[in-house]
Amino acid sequence: MKKIFLLLSIILFSCSGDNDDQQPAIENTIVGRWHLVGFEETVMYEFTATERHTIYSSDGTFGDVTTAIPNPNPWVYEGENLVIDLFFGNSSVSVPNFKCNGNVVDLVSENGTTTLFREGYNINNCNE
C-alpha cells in the first residue's frame, strides 16, 4: 500500500511540469484587461462582469475604465459563445480558446480569429 501511495505521489508531482512563463495559472475567464495583438500599444479591452470597455492610448500607457470610450459594450456567454453587443443590431459572436495558463485567448468566429493577451503578460512566452 505504501508503494502505491509513493508511486501516485511521484506521478502527481512529476505531472505538475514547468510553467512556460514562470507565472501562476490564471482562471480561464474573459474578465480582466487584455491587449489586442497587432495593436498592443494603442488598444486595450477591459472586461468587467457584464461590459467590455475599450481604452485607447497614444503612448502605450493605458488608464482605467474611467478613461475608456463612452458606452461600453455589454457581453454575455450563450453556451460556449462569447457574445458582445456592438449596438445597432450588431454583435460579435466568438468561441474563446484560452491558452498559456489563461493569459492568452483566441476569439474564434466565422470572420476569423482575434487574439488577446492579459495586461502584464509577455505574449512571446506563449508557445501553444
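Counting charges near residue 92 (Lys, Arg +1; Asp, Glu -1) among other residues having Cβ under 14 Å from its Cβ returns a value of -4. Annotation: for a label point projected 7 angstrom from Cα along Cα→Cβ of residue 78, residues of the range 97-127 with backbone N closer than 17 Å are 108-111. The Cα center of the range 73-92 and the Cα center of the range 109-128 differ in position by 20 Å.
We did not get these values from a lab; they are worked out from the coordinates using the rules stated. As the structure is a computational prediction, the values presented were derived from the model and not from experiment. Neighbour counts run over all protein chains shown; Cβ positions are idealised from the backbone, glycine included.
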